Amino acid sequence: MRALRGLLALARLLRVAAHLLVGLAVLVLVFPRRSAVQRQWHIQRWSAGLLRCLGVELRVQQQGAVPSGVLLVCNHVSWLDIACVHAALPQARFVSKADVRRWPLLGWMVAAAGTLFIERESKRDALRVVHHCAEALRRGDTVALFPEGTTGPGPELLPFHANLLQAAVSVDAPLQPLALRYHSAEERFAAAAQFVGDTTLVQSMWRIAAARGLQAELKLLPAIDTQAMERRALAALVRERIQAALRV
């Protein structure tokens, strides 16, 4: 059984490697000649393809349409979270920690998709990113972030950092909570998807590729009006709503 899982994981990772090369070619050769809407189509198609290559089934539960100029806020479990969100909402521009940009190939591809990078330890850099996010929201862009600041095991959320939520508060942009859960027939919160502790990117990719029946459930919860709200109260509210959705 272990040998069969190893062969399955290897086959999936070979497909992932080929898929990454296709994505690289699209970014270099196609993206420069495409409009924003056309780029979003490619992002959605590539992200959904990555999930298929890894054997991950994505199910999306949506409560109403997602408006433009919205701040998406999602809990953070894995490096795969971005692909799950982009497969459903390809217009999202993510805010990600600067370390991701240094990942081989994946980091460059994430940057080319319009990601905003932040040095988490720098308060000055946080102010810069808040400003850029606010400007993007004012233009009608969709910005996405993980307010936990790092990945967690899944069942219980880490504390939400409120700093970046100021971008939505400052321009009265709506906030869209997203609840993301990886599960299988045996586990309500699949251990294979967890990207925590000393786990490396390679180890995480292998565990996901070797998993059987891994599913990702993305719930789009009702949007929150941020007018007249204080960022810390907003962080507490959105954390409470995502946590409640994960328990259902």
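General remarks:
- Qualifying positions in segment 164-218 - in contact with a Ser or Thr (Cβ under 9 Å, 6 or more places away or on another chain), in contact (Cβ under 8 Å) with a residue 24 or more places away in the chain, charged (D, E, K, R) and closer than 24 Å to residue 60 by Cβ: 212
- For segment 35-98, no strands (runs of 3 or more DSSP E) sit wholly inside it while including 2 or more residues that are aromatic (Phe, Trp, Tyr) and over 24 Å from residue 150 (Cα atoms).
- Considering residues of segment 124-138 that are surrounded by 17 or more Cβ atoms within 10 Å (Cβ to Cβ) and among the aliphatic types (A, V, I, L, M) only, the residue modelled with the lowest pLDDT: 126
- Among the candidates 88, 92, 36, residue that is open to solvent by 20 Å² or more (accessible area, probe 1.4 Å), among the small types (Gly, Ala, Ser) and within 17 Å of the chain's Cα centre (by Cα): 88
- If you check 226, 200 for being more than 15 Å from the chain's Cα centre (by Cα), among the hydroxyl-bearing types (Ser, Thr, Tyr) and over 22 Å from residue 117 (Cα atoms), only one passes: 226.
- Residue within segment 60-79 that is within 24 Å of residue 202 (Cα to Cα), at pLDDT below 95 and of a type in the set (A, V, I, L, M) present: no
- Residue 111 open to solvent by 10 Å² or more (accessible area, probe 1.4 Å), at pLDDT below 95 and not polar (S, T, N, Q): yes
- Some residue of segment 114-123 being under 27 Å from residue 29 (Cβ atoms), open to solvent by less than 30 Å² (accessible area, probe 1.4 Å) and either small (Gly, Ala, Ser) or in contact (Cβ under 8 Å) with a residue 60 or more places away in the chain (or both): yes
The values are calculated or read from the model by the stated rules, or taken from the named source; none is laboratory data. The model shown is predicted, which means the values in this text are computed figures rather than measured ones. Virtual Cβ from ideal backbone geometry, glycine too; neighbours counted across all protein chains shown. Accessible surface is based on the protein model in full, side chains and every heavy atom, while ligands, DNA and RNA are left aside. Shrake-Rupley method; radii C 1.70, N 1.55, O 1.52, S 1.80 Å.
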